[in-house]
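Novice: Questions regarding the structure given below will be posed in turn.
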Amino acid sequence: MARVSQQHLDARRRQILDGAARCFARNGFHATSMQDVLREVDLSAGAVYRYFAGKEELIGAIVTEVLDNIRGAFEDAARRSPPEPPDVLLGTVMARVLSGEFVGGVDGGGQIPRLIVQVWTETLRNEELAVLMRTGYETVRTAWVAVVEAYQAQGLMRDDIPAEHVARTMIATAQGFAAQQALFGEVPVEVLRNGLRGLMSMGVQRPG
């Protein structure tokens, strides 16, 4: 029997994850069955279950991947000197999140925010997913703390305010923007950027 290459195994896993993400974004977690996923990816049950034990494992893999990608984006930003200001950085990362870049197989637009809110809701009843979310949140928070500390080291932000407090507030801003998109419809990311610029301008005189 010919040996299956790791490249083939990785591509098949990617195919399954992308198909499951499309199903979840389209129909929600509870309305999506494993049969729906099998039809979406056009694979047998045996082929899919070789990689994932069931729907909850698929959800966990998608969540972990998205959070890892978001963390990586902020870690990249922290390494820049000086780092991009919050309006640019948060706007850029949110644009990438909402475009579907971090969720393979899912188009941008309204599907991504709905998928995000579904994940949050699912964590309230699924303790394993809640643990994944808490772990992922901590990695993203740590990356954001590094960004804030870089701002402070460059003299771009007050250093008498704990970096963790600023990081949590910026994460809450991103979460709130995603929730608004899911609940009230799509809004350009430029709205988020402009709002942050407005808040950052307090005490700064407009040019003549």
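The values are calculated or read from the model by the stated rules, or taken from the named source; none is laboratory data. Just so it is clear, the structure is predicted and the values come from calculations on it, not from any experiment. Glycine gets a Cβ as well: all are built from the backbone with ideal geometry, and neighbour counts include every protein chain shown. Surface accessibility is based on the protein's heavy atoms, side chains included, excluding ligands, DNA and RNA. Shrake-Rupley method; radii C 1.70, N 1.55, O 1.52, S 1.80 Å.
Novice: Taking the condition in contact (Cβ under 8 Å) with a residue 40 or more places away in the chain and not in a helix (DSSP H, G or I), does Glu128 pass?
Specialist: Working: in contact (Cβ under 8 Å) with a residue 40 or more places away in the chain: yes; not in a helix (DSSP H, G or I): no.
The answer is no for Glu128.
Novice: If we keep just the residues of segment 157-167 that are assigned to a helix (DSSP H, G or I) and open to solvent by less than 100 Å² (accessible area, probe 1.4 Å), which is nearest to Leu90 (Cα to Cα)?
Specialist: Applying the filter and picking the extreme gives Ala167.
Novice: Let me ask something else about it. Quick one: would you say Ala182 is at pLDDT 90 or above and touching a helix residue (DSSP H, G or I) at 6+ places or on another chain (Cβ under 8 Å)?
Specialist: On the way: at pLDDT 90 or above: no; touching a helix residue (DSSP H, G or I) at 6+ places or on another chain (Cβ under 8 Å): yes.
Answer is no for this residue.
Novice: For segment 94-105, does any single residue satisfy the condition of being modelled with pLDDT of 85 or more and either aliphatic (A, V, I, L, M) or out of contact with any strand residue (DSSP E or B) (no Cβ under 8 Å at 6 or more places or on another chain) (or both)?
Specialist: Applying the first criterion (modelled with pLDDT of 85 or more) to segment 94-105 yields 94-95.
Checking the rest, the ones that are also either aliphatic (A, V, I, L, M) or out of contact with any strand residue (DSSP E or B) (no Cβ under 8 Å at 6 or more places or on another chain) (or both) come to 94-95.
Yes, segment 94-105 has at least one match.
Novice: Still on this structure, I have one more. How many of the residues in segment 1-23 are charged (D, E, K, R) and either part of a loop (DSSP other than H, G, I, E, B) or farther than 27 Å from Leu98 by Cα (or both)?
Specialist: In the first step, residues of segment 1-23 are kept if they are charged (D, E, K, R); the result is 3, 10, 12-14, 18, 22.
From the residues that got through so far, the ones that are either part of a loop (DSSP other than H, G, I, E, B) or farther than 27 Å from Leu98 by Cα (or both) too are 3.
The qualifying residues number 1.
Novice: While we're on this one: Can you tell me how many residues within segment 172-189 are open to solvent by less than 50 Å² (accessible area, probe 1.4 Å) and more than 21 Å from Met202 (Cβ to Cβ)?
Specialist: 6
Novice: Residues in segment 156-172: is at least one free of Cβ contacts under 8 Å to residues at least 12 places away in the same chain and within 26 Å of Ala61 (Cα to Cα)?
Specialist: Just the residues of segment 156-172 that are free of Cβ contacts under 8 Å to residues at least 12 places away in the same chain, to begin with: 157-162, 165, 169, 172.
Filter once more, keeping what is within 26 Å of Ala61 (Cα to Cα): 172.
So far as segment 156-172 goes, yes, one or more of its residues are free of Cβ contacts under 8 Å to residues at least 12 places away in the same chain and within 26 Å of Ala61 (Cα to Cα).
Novice: While we're on this one: What about Arg141, is it part of a helix (DSSP H, G or I), closer than 21 Å to Ile62 by Cα and modelled with pLDDT under 85? I'd like the intermediate steps shown before the answer.
Specialist: Working: part of a helix (DSSP H, G or I): yes; closer than 21 Å to Ile62 by Cα: yes; modelled with pLDDT under 85: no.
No; evaluated as a whole, the condition is false for this residue.
Novice: Here's another thing I want to ask about it. Take segment 50-67 and flag every residue that is aromatic (Phe, Trp, Tyr) and exposed (fewer than 15 other Cβ atoms within 10 Å of the Cβ).
Specialist: Filtering segment 50-67 for residues aromatic (Phe, Trp, Tyr) gives 51-52.
Of everything in segment 50-67, nothing turns out to be aromatic (Phe, Trp, Tyr) and exposed (fewer than 15 other Cβ atoms within 10 Å of the Cβ).
Novice: Among the helices (runs of 4 or more DSSP H) lying completely within segment 24-118, list those that include at least 3 residues that are within 17 Å of Val189 (Cβ to Cβ). Spell out the reasoning first.
Specialist: Details: elements: 34-41, 45-49, 55-78, 86-99.
In segment 24-118, the matching helices (runs of 4 or more DSSP H) lie at 55-78, 86-99.
Novice: How many residues, within segment 6-45, are open to solvent by less than 70 Å² (accessible area, probe 1.4 Å), touching a Ser or Thr at 6+ places or on another chain (Cβ under 9 Å) and under 21 Å from Val117 (Cβ atoms)?
Specialist: Of the residues in that region, 4 qualify.
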